[in-house]
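Worksheet: the structure to be examined is printed underneath.
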Amino acid sequence: QVPEALLEQIRAAILQHIVDSLRQEGAAYVGVLQTGLMLTKEGVKILNFKCQFGDPQCQVILPLLKNDFYEVIQAAIDGKLCSCMPAWSENRTAVCVVMASPGYPGDSDKGLEVTGLLQAEALGLQVFHGGTALKDGRVVTRGGRVLSVTAVRQDLMEALGEANRGVATIHFQGATFRRDIGHRGLRLLQQPLYVSTVRGAQMFLPALTSGLPLLGPAERSTSTSFPPHRALRAGPEGGGFAAFFDLKASGYHDPILVSQTRGLGAKLQVAQVCKRHDTIGQDLVAMCVNDILAQGAEPLFFLTHLACGKLDAEVMETIKEGIAEACRSAGCAFLGEEVTEVAAPCPPGHCDLAGFVVGAVERGQRLLGLQRAQEGDVLLGLGSPSIPGRGFGVVRRILLTSSLHCSSPAPGSCGDTTLGDVLLTPGKMFSPALLPILRSGHVKGFAPTAEGLLGGISRLLPEHLSAVLDALSWKIPEIFCWLYKEGNLTAEEMARTFPCGIGAVLVVQKELAQHVLQDIQRQQEAWLIGKVVAPCHTAGSQIEVENLAEALQLSSSRAEIQPQPRRRKVKVAVLVSGTGTALPGLIGSAREPGSCAQLVLVISNRPGVEELRSAARAGIPTRVIDHKLYGSRSEFDSTIDRVLEEFSVELICLSGFMRVLSSPFLRKWKGRKILNASPSLFPLIKDGNAHQESLGSGFEVTGCTVHFVLEEPGAGAAIRREPLPGDAEAALEQRLQEAELRAFPPALQLVASGAVWLGAHGRTCWRR
């Protein structure tokens, strides 16, 4: 963020000048000298000098020191610093996020308990205490900057993610911290440097060691985009434009080049009918980049070829802007495009677009894919609402016979989105956010689903293995349900033609699946969608997608009978203990368009549980009310009640909450409703550990039921039942958790919308 020339100016004109002046005046100073500088339009301005370590500056700088810090200080005291010069870690980045008391820098509350410190340190993070104290063996706040969480990792993105993960792990009431730390640096790393060339122009970059110019005289106008960390030159060799890429200067040691070319096909024709060209460039880049990502490669540069009947300058510019924006997001250079004007009979305005990308991967980091998938491995799906170009042959056929056209309101929308907008939604680009996860060694294979759901997964499976997917385990966008219904397609045709809401699939070892899934979910929607199994000996597909027809019909029916949203959303609190699984689904449900619920609070009776971190990442306020600190159950419940009143909560969801609520609490909240999930056994078990009690009861567990919580539970208070997933080999508790994750969000929406309520007789009532 600070150019080398400016750093040299600061060193010579300010820092070295101070040292020389001290020497000339005979002023002996041994210690730390911190300089505060501000960069203005008039140049660098000095704010101050301080004879102390900066706080929190030293907490992000000193972790990169390789020397023994004591030895450096002692050498300075002894006047021998030249013999013990500080050495700094190379190819490492440190990020520090400060957690301050509420109200900082003004007056703030003190004595608030701080939890999660051990968990943060277990993540390999350094936690510096600035405003804490010990009270009765507990760490509490004493105002101001309470803590600084520092992560040291290979690159800025990884370090920033780990530092934020540490902040989400640590809790104290009203904790305040900035959410934009490091983002300017990330934008700089991802932002290409744009260089335009015209006839006779020539530009150079000092960083290039070769005598070749960065850009030479161009035979025609082109537009080129370069990420600043790439050593790349372009010139007019051969009358066109060419580029030279210095892999060694970019940090590669033993690279393998990976390339891919793609076209948009019928999707481009639909875009022309809709007169929408702003997304197709992004779509093209995403397809190419995702394909080379399957080899673990990062993109280096991208080129396109456009063939059209008659050149439309405005359309050209729109497409080019979309491609440039996508290349900027991918971190690769957009060298430009070649345009060919095709003679008749090509209709005016019609065109064809193809893209070509080149990437690189170190030899040892290439994904092995087919050779590594084994029986028992898990399949993770990455969400994407896009329809790839390959499926648009079927889309065009459906449009020809449908009563809807591109300008019609999209199915399931409120009229603010057209069918054409939804059909042309660009594909998700999974690089560079996914690249660190793919190179972690925890992923066996990755494949995009541009060839359809079955085609994508088949690229990951050797011939001697099969896969089983459960379509009820992920969210299918409404557009696929409409295509299924409108086109009168079979479930197999859908899986073979479309990705059905899954943009890419990963193969992961079962033991690492949850860890990898959580890492991905910090970036985007992802689900555990299936597993690798022994081959099926029956004839047919190598991949079986269970419940796909049911999932497509279910999503479609939900869109058709979706209740009208209220003017005001119902405020919902979730009570957790660290054993539930419904919270991510509830968060996602509350964020969906037309949702009648608003999650305003998550309360846990145990500190440091994963649900608190999930809520913090989603920006939902959290509170820890530890039951061990209260003398009675009624006192504990009264504290919860006060916090619920503070947030004006109207509806409570219990997700794995392991405390028995008192009768006065239940009576007070009966009118405003409490929801819980239990095994499908009645009478309902009051105690929180219902799973284990039901196992020993002699009853067969058939599913999960979401119900109203009453003093005297009964079967009549049920809202929604979800059968257990079909994998009988999996542990019962795991299957119950999956059923709970499916059942709770729609049950919450039914109650919040007013479609379901608890009658005076203690039974569920339904609005027709």
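Please enumerate the residues belonging to region 134-159 that are open to solvent by 40 Å² or more (accessible area, probe 1.4 Å) and hydrophobic (A, V, I, L, M, F, W, C).
L134, M157
Restricted to region 262-280, and to residues that are farther than 21 Å from P409 by Cα and in contact with a strand residue (DSSP E or B) (Cβ under 8 Å, 6 or more places away or on another chain), which residue is surrounded by the fewest Cβ atoms within 10 Å (Cβ to Cβ)? Steps first, please.
In the first step, residues of region 262-280 are kept if they are farther than 21 Å from P409 by Cα; the result is 262-266.
If we keep only those that are in contact with a strand residue (DSSP E or B) (Cβ under 8 Å, 6 or more places away or on another chain) too, we end up with 262-264.
Details: R262: 22, G263: 14, L264: 23.
So, considering only residues that are farther than 21 Å from P409 by Cα and in contact with a strand residue (DSSP E or B) (Cβ under 8 Å, 6 or more places away or on another chain), the one surrounded by the fewest Cβ atoms within 10 Å (Cβ to Cβ) is G263.
Pull out all pairs, ordered by first then second residue, where Cβ-Cβ is under 9 Å, the residues are six or more apart or on different chains, the first lies in region 245-270 and is under 30 Å from T497 (Cβ atoms) and hydroxyl-bearing (S, T, Y), and the second is open to solvent by 50 Å² or more (accessible area, probe 1.4 Å) and not in a helix (DSSP H, G or I).
Qualifying pairs under 9 Å: S259/F356; T261/F356.
Suppose we filter L469, L460 for residues that are hydrophobic (A, V, I, L, M, F, W, C) and under 18 Å from F430 (Cα atoms); which single one remains?
L460
Any idea which of A249, A271, A324, A307 is assigned to a strand (DSSP E or B) and small (G, A, S)?
Only one candidate qualifies: A307.
Only one of A559, A539, A551 is modelled with pLDDT under 85 and surrounded by 24 or more Cβ atoms within 10 Å (Cβ to Cβ); which? Before you say what the answer is, go through the steps one by one.
Values: A559 fails: surrounded by 24 or more Cβ atoms within 10 Å (Cβ to Cβ); A539 fails: surrounded by 24 or more Cβ atoms within 10 Å (Cβ to Cβ).
Going through A559, A539, A551 in turn, just one is modelled with pLDDT under 85 and surrounded by 24 or more Cβ atoms within 10 Å (Cβ to Cβ): A551.
Please state which of the following conditions P679 fails to meet, knowing it meets all the rest: (1) at pLDDT below 70; (2) open to solvent by less than 50 Å² (accessible area, probe 1.4 Å).
(1)
When only residues in region 473-529 that are outside any helix (DSSP H, G or I) and of a type in the set (K, R) count, which is nearest to E451 (Cα to Cα)?
Applying the filter and picking the extreme gives K475.
Which members of region 589-618 meet the condition of being in a loop (DSSP other than H, G, I, E, B) and not β-branched (V, I, T)?
Within region 589-618, E592, P593, G594, S595, C596, N605, R606, P607, G608, A618 qualify.
Search region 256-268 for residues being within 12 Å of P388 (Cβ to Cβ) and part of a strand (DSSP E or B), and hand back the single one that is farthest from the chain's Cα centre (by Cα).
Among them, the one singled out is G263.
Among residues belonging to region 61-89 that are touching a Leu at 6+ places or on another chain (Cβ under 9 Å) and closer than 25 Å to Q154 by Cβ, point out the one that is least open to solvent (accessible area, probe 1.4 Å).
V72
Looking at S440 and the list (1) outside any loop (DSSP other than H, G, I, E, B); (2) surrounded by fewer than 17 Cβ atoms within 10 Å (Cβ to Cβ), which single condition is not satisfied?
(1)
If you check M99, M38, which single one turns out to be touching a residue at least 40 places away in the same chain (Cβ under 8 Å), within 30 Å of G144 (Cα to Cα) and not polar (S, T, N, Q)?
Going through M99, M38 in turn, the sole match is M99.
Give region 14-30 a look and list any residue that's open to solvent by 60 Å² or more (accessible area, probe 1.4 Å), in contact with a Leu (Cβ under 9 Å, 6 or more places away or on another chain) and within 15 Å of V44 (Cα to Cα), or say none.
Residue satisfying the conditions is L15 alone.
Return a yes/no flag: does region 455-468 have any residue that is of a type in the set (K, R), open to solvent by 20 Å² or more (accessible area, probe 1.4 Å), touching a strand residue (DSSP E or B) at 6+ places or on another chain (Cβ under 8 Å) and under 18 Å from L517 (Cβ atoms).
Looking for residues that are of a type in the set (K, R), open to solvent by 20 Å² or more (accessible area, probe 1.4 Å), touching a strand residue (DSSP E or B) at 6+ places or on another chain (Cβ under 8 Å) and under 18 Å from L517 (Cβ atoms), one finds none in region 455-468, hence no.
Considering region 31-52 alone, what residues qualify as being open to solvent by 50 Å² or more (accessible area, probe 1.4 Å), on the phi < 0 side of the Ramachandran plot and not in a strand (DSSP E or B)?
If the condition is that a residue be open to solvent by 50 Å² or more (accessible area, probe 1.4 Å), on the phi < 0 side of the Ramachandran plot and not in a strand (DSSP E or B), then L33, K41, E42, C51, Q52 are the ones that fit.
Filtering region 724-768 down to residues that are assigned to a loop (DSSP other than H, G, I, E, B) and among the aliphatic types (A, V, I, L, M), which residue is modelled with the highest pLDDT?
A755
I'd like the full set of residues that are at pLDDT below 90 and touching a helix residue (DSSP H, G or I) at 6+ places or on another chain (Cβ under 8 Å), limited to region 599-609.
Within region 599-609, just G608 meets the criteria.
Among the residues that make up region 95-104, is at least one of them surrounded by fewer than 16 Cβ atoms within 10 Å (Cβ to Cβ) and touching a helix residue (DSSP H, G or I) at 6+ places or on another chain (Cβ under 8 Å)?
Looking for residues that are surrounded by fewer than 16 Cβ atoms within 10 Å (Cβ to Cβ) and touching a helix residue (DSSP H, G or I) at 6+ places or on another chain (Cβ under 8 Å), one finds none in region 95-104, hence no.
Can you tell me how many residues within region 480-490 are open to solvent by 10 Å² or more (accessible area, probe 1.4 Å) and closer than 19 Å to G383 by Cα?
Number of matching residues: 2.
Out of the residues in region 636-651 that are part of a helix (DSSP H, G or I) and of a type in the set (A, V, I, L, M, F, W, C), state the one that is surrounded by the most Cβ atoms within 10 Å (Cβ to Cβ).
Taking the candidates together, the pick is L644.
The values are calculated or read from the model by the stated rules, or taken from the named source; none is laboratory data. As the structure is a prediction and not an experimental result, all values here were calculated from the model. For neighbour counting, all protein chains shown are included, and Cβ atoms are generated from backbone atoms with ideal geometry for every residue, glycine included. In case anyone asks, the SASA skips ligands and DNA or RNA and just uses the protein heavy atoms, side chains included. Shrake-Rupley method; radii C 1.70, N 1.55, O 1.52, S 1.80 Å.
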